[in-house]
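Below are the structure tokens for one structure; questions will follow.
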Amino acid sequence: QVVFALNQTLLQQESLRAGSFQIPYTTEDLIKHYNCGDLSSIIFNHDTSQVPNFINATLPAHERITAQEIDSYFRQELIYKRNERMGRRVKDLLEEHPDKSFFFAFGAG
């Protein structure tokens, strides 16, 4: 899976350099939408998230399965488990210090 992910990443980077593939948004787009309070599904949806996406309709069936497994793994580890850890930490802090004020800031992932 690691070799597959590395190869797909390199292929994507080569396509970007060759101009045959473009990222659907720029960092400036993300900053602009964030500053405007526009966290729309267009910018922050599954297809344009920061989690690498290796699923490609042109892949052979066995590689598509590998890509889906990697995609599922990344989402579980980088999004869901991270959110659970942050939630537990926030809950623990609030319970340990009920008379204290806190400010928590979370990214859009």
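The values are calculated or read from the model by the stated rules, or taken from the named source; none is laboratory data. On a predicted model such as this, the values are computed, not experimentally measured, just so you know. Glycine also receives a Cβ, built like all others from the backbone with ideal geometry; neighbour counts cover every protein chain displayed. Each accessible area value is taken on the protein alone, full model and side chains, heavy atoms only, with ligands, DNA and RNA left out. Shrake-Rupley method; radii C 1.70, N 1.55, O 1.52, S 1.80 Å.
Can you list residue pairs whose Cβ atoms sit under 8 Å apart, with the first residue in the range 16-35 being under 30 Å from ALA105 (Cα atoms) and among the aromatic types (Phe, Trp, Tyr) and the second being open to solvent by less than 100 Å² (accessible area, probe 1.4 Å) and at pLDDT below 80? Count only pairs 6 or more apart in sequence or on different chains.
Listed pairs, sorted by first residue: TYR25/ILE43; TYR25/THR48; TYR34/ALA108.
Another one. Out of the range 58-72, which residues are surrounded by fewer than 15 Cβ atoms within 10 Å (Cβ to Cβ) and free of Cβ contacts under 8 Å to residues at least 12 places away in the same chain? Reasoning before the result, please.
Of all residues in the range 58-72, those surrounded by fewer than 15 Cβ atoms within 10 Å (Cβ to Cβ) come to 58, 60-62, 65, 68-69, 72.
Selection gives THR58, PRO60, ALA61, HIS62, ILE65, SER72.
Here's another thing I want to ask about it. Taking only the range 48-99 into account, find how many residues are over 26 Å from LEU30 (Cβ atoms), in a helix (DSSP H, G or I), modelled with pLDDT of 90 or more and among the charged types (D, E, K, R).
5
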